[in-house]
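Here, each number is a calculation from the coordinates, and none is a lab measurement. What you are looking at is a predicted structure, and each value in this text was computed from that prediction instead of being measured. Note: ideal-geometry Cβ built from the backbone for every residue, glycine included; neighbour counts use all protein chains shown.
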Amino acid sequence: MSDVLSQSEIDNLLQALVSGDLDVNKMQNEDEKQVRDYDFSRPTKFSKEHLRTLEIIFEHYGRLISTNLPVFLRKNVQVMVSSSETVTFSEFTNSLANPVVLGIVNFAPLNGMIIMDLAINLAYAMLDRMLGGYGEPLEKSRDFSEIELVIIQKVLVMMVQLLREPWRNVVEINPVLNRVETNPQFAQVIAPNDMIAIVTLNLKIGDVEGYMNVCLPFITLEDVMDKLNTKYWFSTMQENHDENYEMYIEAMIKKTQVPIKAILGTSQITVADFVTLQVGDCIRLDTKVDSDMDVYVGNLKKFTALPGTSKDSYAVRVTSVLREEE
């Protein structure tokens, strides 16, 4: 029921109409407030904030794939998040072709499973590359052989293990590849009307481009839905930047390989002498036998050393360390 106007409110309204401050025609042309229908058969369980957080998680996941998958394929791999949306599980399964490559993943300790849907052309390209080819897909799809499924399963196991780090800011997970299905009828892990979030990744392996869909059911993520927001995600990420994290980064840097070289000495000769050099000729250097050599790490002089041998190999013995101030 609408509110009843008092006499003073009626007088003010009439005064506004007389003075022109209020336009009756403009009020009549104003659109009514739009009402959106709510579909109870497809309840909105994933908000835009949830989908945005999932995109951030899988952007991190895509970077991990782009650095680890080339180890298997020996080919450049580019990965980026294409989109995210919410649909019913039946809509997802009805859109799948046959055959497909579906990795059924146990998302422990969370309840239920998630599904990783790898495009057929990408699967064939991976197989071709890992079996010695150029990484080209088949012109016509066919069923996979038992050997091909074993190879695909090894790749999917690696990709599943990479899920741990991106999800660490939300929950510590231990995902395990349960099985690989090529028929979507055998991938009914939840009820058809249950809502799922789908994050689509665009993978490019050389010249072959395709999609990988990650199906995340609501019943699997229900226990951590409160943590799927960017505020919590970034605050947790900031808390992880503690001393242990710094020690981890330092340990990783220490394992990095850098080139090192020891300079015996230098000399200048003419081009004529250079082209006539023969085995057994001697080149006079600008250093003495007992003088220290300069040792370079990359392009920086970091040590001085004396030449020698270690077993059957040439070696140097460090005599001093050059600091930056030196």
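Details
- FRET E, pair residue 260, residue 59, Förster distance 51 Å, beta-carbon r, rounded to 0.05: 0.90
- Of the GluC sites (Glu not before Pro) in the stretch 114-212, those whose Cβ has at most 13 other Cβ within 10 Å and which sit in DSSP loop: 139, 172
- Furthest towards positive pole of dipole, 113, 211, 199, structure part the stretch 48-252, Cβ charges: 211
- Contact order relative to length of the stretch 260-321, as percent, for alpha carbon pairs under 8 angstrom and 6 or more apart: 30 percent
- Once the Cα-Cα distance is subtracted from the 0.36 nm per residue extended length, the residue 309 to residue 207 segment shows a gain of 31.8 nm.
- Shown here for the stretch 104-179: chymotrypsin sites (Phe, Trp or Tyr not before Pro) in loop regions (DSSP other than H, G, I, E, B) with at most 14 other Cβ atoms within 10 Å, namely 134.
- Approximating the spin labels as points 7 Å out from Cα along Cα→Cβ, the residue 271-to-residue 322 distance works out to 3.2 nm.
- Footprinting exposure proxy for 279, 176 (fewest neighbouring C-beta atoms within 10 Å first): 279, 176
- Scaled to the globular estimate 2.2 N^0.38 Å, the Cα spread of the stretch 63-109, given as radius of gyration, is 1.55.
- Loop-located trypsin sites (Lys or Arg not before Pro) in the stretch 82-173 (DSSP state not H, G, I, E or B) with no more than 10 neighbouring Cβ atoms inside 10 Å: 140, 142.
- Once the mean of 1/r is taken over each pair of separate Cα atoms and inverted, the stretch 48-252 shows a Kirkwood hydrodynamic radius of 17.8 Å.
- Taking each of 154/254; 261/302; 48/227; 140/204 in turn, the alpha-carbon distance tops 18 angstrom for 154/254; 140/204.
- Semi-axis lengths, largest first, of the ellipsoid equivalent to the stretch 260-321 are 25, 15, 11 Å, with √(5λ) applied to each eigenvalue of the Cα gyration tensor.
- Ellipsoid fit via the Cα gyration tensor, the stretch 89-206: semi-axes of 25, 18, 13 Å, each the root of five times an eigenvalue, largest first.
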